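First up is the structure itself, then whatever we jot down about it.
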Amino acid sequence: MTGLSGKHHVLFLLPPGWDALSKALFGHAAFNSFLHGKDHYAPQQIDYFVGFRPPHGFLKTLPRLKAIFSLGAGVDGFLRDPEFPRHLPVVRFVDETLQREMAQYVTMHSLIIHRHQRGFDAAQKEHAWRQRMLARPTREVCIGILGMGDIGAVTAERLLMFDFQVIGWSRSRKSVPGVTSYAGKEELPKFLARCDILVCMLPLTPETEGLMDAKLFAGLPKGAWVMNVGRGGHCNERDLLAALDSDHLGGAVLDVFQTEPLPPDNILWSHPKVTVTPHIAGITDPRNAAAFVVDCVARAQSGAPFKNVVDLNKGY
Ligand code: GLV
């Protein structure tokens, strides 16, 4: 790669299954790369850290660190560390592939809900020819996205292509073509009252933690669905179960959970109104992450500003 001179000492603490990333970077001429837990390194030689959810207190053991690269779009795994070195830039990974995959997951599940596909799957098991019309024409179905950042905006575009109505809620007002924007806590009730499907794509911050609770569910129309692709910490699972069991909510699609992996005995696995997926709505592609790390280090080296630097006060 061009633009890199001198050796950069990069420490990786990778989730399982990320070998492709370490392969792409280990042996790269510009790096001395160390895989935490495998290679021997001196903490004081590390310039850059790459990871997703390092153990609390770990980063402060690296005194020469210049920047932290998050392999995920969400950086809550870093910011919750009470000893997190807040003077360092944190660069989060969001690319088109991640945006598209998140959008695809939400579109797919919105269509499964709207087209009653779970009911047809159940009927097929019984060999039952049970025709059912759409409850409403697509253009009358409103999907509300909590969190209208880079990923929410691409998701909204895709949903509009399928003729859904799309509305968005965020901290500050957004301008996305075809999407009505609601902003701030005051406008949340108006937003919720319109949602047939509520999709959470928020970053997890002290402000958004536990946002999806009994009060929020009560503000949704009867029969609404909830989809969580943000973080488990956004959703009070006990309140969600109560809202499902009282038949206020039509169902839930959950990709993230308060405890991950979701324990085998958790009731969500077998709840008839819940679809569970194992935090796969959008997974960073290790090859793209490798290119991202190289680009970040090249920028650091040439004095160019990083892209996607997290505002630590906002938490995203
Ligand atoms: C995945 O959860 C991410 O934050 O990218």
**Request:** Quick one: order S175, S110 from most to least accessible surface, probe 1.4 Å.
**Result:** S175, S110
**Message:** Restricting everything to alpha-carbon atoms, can you work out Rg to Rh for segment 96-276 with a Kirkwood hydrodynamic radius?
**Reply:** 0.95
**Request:** Please name which of T259, A298, N288 has its Cα lying farthest along the dipole of segment 238-316 towards the positive end, using unit charges on Cβ (Lys, Arg +1; Asp, Glu -1) and the Cα centre as origin.
**Result:** A298
**Item:** Tail weight of P(r) past 25 Å, computed on alpha-carbon pairs of the chain, percent
**Value:** 54 percent
**Request:** Work out from phi, with θ = phi - 60° and the Karplus expression 6.51 cos²θ - 1.76 cosθ + 1.60, the ³J(HN,Hα) of each residue of segment 303-316, listed in order in whole Hz, and give x for Gly and Pro.
**Result:** x, 6, x, 5, 8, 6, 7, 6, 7, 5, 6, 7, x, 7
**Item:** M201 accessible area, 1.4 Å probe, all protein chains in place, Å² to nearest 10
**Value:** 30 Å²
**Prompt:** In terms of Cα to Cα distance under 27 Å, which lysines are near enough to K273, apart from those fewer than 8 places away along the same chain?
**Reply:** K125, K190, K215, K222
**Request:** Compute the semi-axes of the equivalent ellipsoid of segment 122-182, taking the square root of 5 times each eigenvalue of the Cα gyration tensor, and list them largest first in whole Å.
**Result:** 32, 12, 9
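Ordering W269, W225, W169 by accessible area with a probe of 1.4 Å, largest first, what comes out? Walk me through the intermediate numbers first.
Working: W269 125, W225 40, W169 20 Å².
In descending accessible area the options line up as W269, W225, W169.
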**Request:** Could you order M108, M161, M102, M133 so the one with the most accessible surface comes first? Probe is 1.4 Å.
**Result:** M133, M161, M108, M102
**Message:** Can you give me the long-range amide H partners of I46? Hydrogens built in the peptide plane at 1.01 Å from N, cutoff under 5 Å, separation of 5 or more residues or another chain.
**Reply:** R64
**Request:** Using only Cα atoms, find the angle between the long axis of helix 150-161 and the longest principal axis of the chain, and express it within 0 to 90 degrees, rounded to the nearest 10.
**Result:** 40 degrees
**Prompt:** Accessible area of R130, 1.4 Å probe, to the nearest 10 Å²?
**Reply:** 120 Å²
**Prompt:** lysines within cross-link reach of K60: Cα-Cα under 24 Å, excluding same-chain residues under 8 positions apart?
**Reply:** K7, K38, K307, K314
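The values are calculated or read from the model by the stated rules, or taken from the named source; none is laboratory data. Keep in mind it's a predicted model, so treat the numbers as computed, not measured. Here Cβ is always computed from backbone atoms with ideal geometry, including for glycine, and neighbour counts include all displayed protein chains. Heads up: the accessible areas ignore ligands, DNA and RNA and are worked out on the full protein's heavy atoms, side chains in. Shrake-Rupley method; radii C 1.70, N 1.55, O 1.52, S 1.80 Å.
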